[in-house]
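One structure is given below, encoded as structure tokens.
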Number of protein chains: 2
Amino acid sequence: MLCSLMDGRARTSTELSVIAEVSPSTASVHLTRLKEQELVKVLAQGKHRYYSLDDDRVAATLESLMVLAGTRSKPFVPNTPTHLRWARTCYDHMAGEVAVALHDRILKNKWVSQKKRHDGAYELTEVGTRALAAHGIEMDTTNFTRRRIACACLDWSERRPHLGGALGAALLRSALQHKWFLKDLDSRVLRVTKRGEREFLGRLGLQVGA
Amino acid sequence: MLCSLMDGRARTSTELSVIAEVSPSTASVHLTRLKEQELVKVLAQGKHRYYSLDDDRVAATLESLMVLAGTRSKPFVPNTPTHLRWARTCYDHMAGEVAVALHDRILKNKWVSQKKRHDGAYELTEVGTRALAAHGIEMDTTNFTRRRIACACLDWSERRPHLGGALGAALLRSALQHKWFLKDLDSRVLRVTKRGEREFLGRLGLQVGA
DNA sequence: AGGTCACTTCGTCTACCATCAAACAATGGA
DNA sequence: TCCATTGTTTGATGGTAGACGAAGTGACCT
């Protein structure tokens with residue numbers, strides 16, 4: 001289980017039970033124990049509970065253990081339809097490969113910063129505020145009090161976080177306004193435009209194979 | 001057991017059984033298993049069998065595991081009489097803190113190099129031959145064919161290797177000839193002279209608290 | 001030779017831990 | 001509101017890993 005989580009992605013307990021070739025109940029017992037020892041952390045989202053490695057130190061330790069054991073695990077293969085995998089909407093924000101890459105970029109650029117441990121909430125930084133304005137992305141300031149500014153929302157196909165909250169919504173809204181992305185009719189799929197490639201993907205340095 | 005070996009020293013199976021609070025037989029079985037998995041290596045010397053970590057990678061893995069577990073083990077306390085601990089003879093070569101420091105220094109300076117893995121034998125390098133001459137240490141070339149030039153000999157008090165073989169013997173012989181060390185009467189203890197501090201410890205950069 | 005010490009091998013036993021099915025809880029959609 | 005889906009909790013069970021004592025091996029000393 002831990003080995004399969006080493007790719008940094010999150011998995012549900014049932015998935016992990018299949019990987020470990022044990023019953024769901026066994027997996028559940030085992031996972032609660034791993035949680036107690038703070039080797040994994042859980043993120044409840046809808047009726048799914050996503051398990052992932054708790055810490056970089058856990059990953060590092062596993063890494064060296066795998067070297068000793070000489071084991072390599074198979075890569076994670078998403079079973080999501082390909083046309084949904086690259087870019088789609090998730091409620092009012094973006095999801096898919098692009099959204100995950102965007103999330104990572106924004107975090108790396110320190111436009112947002114983590115508030116606490118084990119809580120998906122982010123806060124907007126000084127740098128972030130300026131950068132968003134520069135890129136022509138406008139936050140809806142009316143309901144700032146009601147809603148979290150930004151948070152990590154686990155991506156179904158990628159099993160890694162993308163950006164949710166008010167900021168996530170603002171990004172999607174701006175992306176559609178500027179015609180960087182087009183919504184497919186009668187589907188959640190998003191398609192990037194020529195203009196989007198230049199003004200969005202290009203400027204943000206997102207090299208995502210479409 | 002593995003944790004206690006993390007200081008790089010070697011220990012006997014009985015010592016490890018005491019540390020792990022199990023019977024000697026249990027420890028023995030466990031250690032053979034660790035050996036099979038190449039986590040530890042054994043060095044038979046006299047009627048003792050010294051166990052130590054097999055590899056730097058094993059130590060590194062344990063290190064990160066200990067960080068996760070938040071455990072720290074007690075340091076190794078030699079039960080050797082203090083007057084024997086610092087410097088003494090071991091058959092025809094030197095042993096004790098000084099000898100171990102000397103071994104490490106010689107290896108670091110690349111005067112000798114390891115031949116194979118898991119074999120204590122060393123071979124003399126070009127650099128080493130010149131350096132020995134420069135320091136006024138003469139090898140006895142008569143019995144080169146019979147004896148190993150140099151080898152790691154496990155130090156009883158330090159539980160780390162010092163230098164044995166023809167080179168080890170040559171070092172002790174020269175040290176006594178040049179009056180760098182004096183042999184205590186009727187004992188294996190060696191005492192360093194003023195001259196020895198200058199011309200031996202000093203030149204070799206050995207800072208060993210006497 | 002014989003005795004002691006250090007350690008391993010063998011045979012046996014037991015406690016414990018993973019495992020599973022069935023019951024329970026929670027969420028989401030119809 | 002009900003049902004399907006997802007996941008957790010519980011209690012019983014069986015297999016196995018790890019423990020030990022006794023016997024065996026080899027090295028060293030006198």
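The values are calculated or read from the model by the stated rules, or taken from the named source; none is laboratory data. Predicted model, so just to flag it, every value in this text is computed and none were measured. For neighbour counting, all protein chains shown are included, and Cβ atoms are generated from backbone atoms with ideal geometry for every residue, glycine included.
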field: Filter result for B:Leu62 (modelled with pLDDT of 90 or more, away from DNA strand C (no atom under 15 Å from the Cβ) and assigned to a loop (DSSP other than H, G, I, E, B))
entry: no
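Please specify each residue of the stretch B:13-27 satisfying the condition of being of a type in the set (S, T, N, Q) and either within 8 Å of DNA strand D (Cβ to nearest atom) or within 14 Å of chain A (Cβ to nearest Cβ) (or both).
B:Ser17, B:Ser23, B:Ser25, B:Thr26
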message: Looking at (1) touching a Phe, Trp or Tyr at 6+ places or on another chain (Cβ under 8 Å); (2) within 14 Å of DNA strand C (Cβ to nearest atom), which one does A:Ile19 not meet, given that it meets all the others?
response: (1)
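Rundown of residues vs (1) surrounded by fewer than 16 Cβ atoms within 10 Å (Cβ to Cβ); (2) within 14 Å of another protein chain (Cβ to nearest Cβ); (3) under 27 Å from A:Leu182 (Cα atoms); (4) at pLDDT 90 or above, yes/no style:
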| site | (1), (2), (3), (4) |
| --- | --- |
| A:Ala44 | yes, no, no, no |
| A:Asn79 | yes, no, yes, no |
| A:Arg88 | no, no, yes, no |
| A:Lys115 | yes, no, no, no |
message: Quick check on A:Ala101: is it more than 14 Å from chain B (Cβ to nearest Cβ), in contact with a Phe, Trp or Tyr (Cβ under 8 Å, 6 or more places away or on another chain) and at pLDDT 75 or above?
response: no
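Given the structure, is A:His103 part of a helix (DSSP H, G or I) and under 26 Å from A:Thr125 (Cβ atoms)?
Criteria met by A:His103.
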field: Scan of the stretch B:24-50 for residues that are in a strand (DSSP E or B) and either in contact (Cβ under 8 Å) with a residue 24 or more places away in the chain or touching a Leu at 6+ places or on another chain (Cβ under 6 Å) (or both), ordered by number
entry: B:Val40, B:Lys41, B:Leu43, B:Gln45, B:His48, B:Arg49, B:Tyr50
message: I'd like to know if the stretch B:44-63 contains one or more residues that are in contact with a Gly (Cβ under 6 Å, 6 or more places away or on another chain) and among the aliphatic types (A, V, I, L, M).
response: no
- prompt: Looking at B:Arg33, B:Arg88, which one is within 12 Å of DNA strand D (Cβ to nearest atom) and charged (D, E, K, R)?
  reply: B:Arg33
